Amino acid sequence: MPQNSDEFYRISKLPPYVFAVINEMRARARAAQIDVIDLGMGNPDGATPRVVVNKLIEASRNARNHRYSQSRGIPHLREEIVKRYKRNYDVDLDPDKEAIVTIGAKDALAHLLFAIVGPDDAVVSPNPAYPIHQYGVLMAEGHACMLPMPDAATFLNRLEDLYRTSNRKPKVLLISFPHNPTTTCVDLDFFKEIIRLAQQHGTLVIHDFAYADLGFDGYKPPSILQVEGAKEVAVEIFSLSKSYNMAGWRVGFCLGNPKMIGALARIKSYLDYGVFQPIQIASIIALRECEEDTRKICTTYQKRRDVLITGLKRAGWPVEPPRGSMFVWAPLPEKHRALGSLDFAKLLLEKARVAVSPGIGFGPMGEGHVRFALIENDQRLRQATRSIGTFLKE
Ligand SMILES: Cc1ncc(COP(=O)(O)O)c(C=O)c1O
């Protein structure tokens, strides 16, 4: 019998969460009444649109909605996401075969990988990355093949090299743009290349589109499903968490390739009974009526980006402004580079009282960077950069 949880077969593949170290330090500081500005986790601080909350209250009062719902999501919600894709991207989807509701993007990712990846199947993704992109593959017993992504063009070149030289052809390509944590953004031509390579080599593509609506300065992140023929090989995962400040509600979608959607539906039919129905009904209102709220959410992040970047520059820490996402990805300041990202993040918390995510938590290629999440208001961000400035001058 395993003596501790690390000895369980699957748990042994999951290292302790690097971010837990910073979370614990932050919790200790706060318990000691120390004010910490928390730019660590990508957890939206804004409120869900009022009409959505009101609909949830109304739908919750109806006993008909208290029963098990449908694992693949109620038809009206699937129809509404399909309409949004038509409206926003001119993409046609069949709500029955090409759309499924998920318990957030995380459920979609983890269970889709579980459904389609088998022992030693290679799944290629950029590194650093959102942890489930790597660990979802390991949990499914696949082989996580990480390619560096200093920029999108380099990633594409490395991918072409891999197809040319490796005798283990990737079964799945798992990508996500705007990208967490690096904030890399791409245009439709990049996706055209991805789809072309996938079709040529018989690879499946998963595009995690969690930051679909967070593009700045007029940049509109493209959907991979806009590429002609994409549905033959690709699915896209969309989430309400960031677009509508609904992270705690747990609603997302997987859209596109009917074979992958069917596999996910089968797995989910064994694992869950779907999202609480009042939440699904309220989500219809979000998708149908809240485009303006989404625009405001995006504008708020853009403004915070400007405040943070300007403040960091003043603090002697110049960083490239991102074109999208809700993050700033910053190389460690020269004089602290040798510390590594985890020790630097600890020092920043201790000295400047600012919590950030160490790059190493996103995989080996995240070392040398920290990630700021834009989840505190302008005034708090100014306060954060002032104290970072004082710390860096020490
Ligand atoms: C790239 C990426 N995918 C998915 C998620 C999780 O989204 P959801 O709340 O829909 O599970 C996140 C959350 O931070 C993310 O950064």
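Data for the structure
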| read-out | value |
| --- | --- |
| Share of alpha-carbon pairs per 10 Å distance bin for the chain, given as whole % | 5, 22, 31, 27, 13, 2, 0 |
| Ordering of 123-131, 204-212, 347-355 by burial proxy (mean other Cβ atoms within 10 Å per residue, highest first) | 204-212, 123-131, 347-355 |
| Rounded, prolate or oblate (a/c below 1.5 giving rounded, otherwise prolate when a/b exceeds b/c) for region 40-191 by Cα gyration tensor | prolate |
| Sorted peptide list for 356-369, 71-84, criterion being average Cβ within 10 angstrom, highest first | 356-369, 71-84 |
| The chain - share of DSSP beta bridges that are antiparallel (%, nearest 5) | 50 |
| Computed E for Asp217/Thr154 - FRET, C-beta separation, R0 22 angstrom, nearest 0.05 | 0.40 |
| Cα-based Lys proximity count in region 1-108, under 21 Å, for pairs eight or more positions apart or on separate chains | 5 |
| Low-density loop positions, chymotrypsin sites (Phe, Trp or Tyr not before Pro), region 244-310 - DSSP coil, at most 15 other Cβ in 10 Å | Tyr273 |
| FRET E, pair Thr299, Asp189, Förster distance 30 Å, beta-carbon r, rounded to 0.05 | 0.65 |
| Mean Cβ neighbour count within 10 Å, used as a protection proxy, ranking 136-149, 173-186 highest first | 173-186, 136-149 |
| Theoretical gain in end-to-end length, Asp378 to Glu292 [0.36 nm per residue, Cα-Cα removed] | 28.9 nm |
| Difference of contour (0.36 nm per residue) and Cα-Cα distance, Asp6 to Glu58 | 14.3 nm |
| Cα-based shape type of region 300-362, given that a ≥ b ≥ c are square roots of the gyration tensor eigenvalues and the cut on a/c is 1.5 | prolate |
| Under-23-angstrom lysine pairs by C-alpha in region 292-387, whenever the two are 8 or more apart or on separate chains | 6 |
| Cα gyration tensor category, rounded, prolate or oblate, for region 114-211 with a/c compared to 1.5 | oblate |
| Cα-projected label distance for Lys86 with Gln33, points at 7 Å along beta-carbon direction, nm | 6.0 |
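Since every read-out is calculated from the coordinates, none of them should be taken as a lab result. Owing to the predicted nature of the structure, the values given are computational and were not obtained by experimental measurement. Glycine gets a Cβ as well: all are built from the backbone with ideal geometry, and neighbour counts include every protein chain shown.
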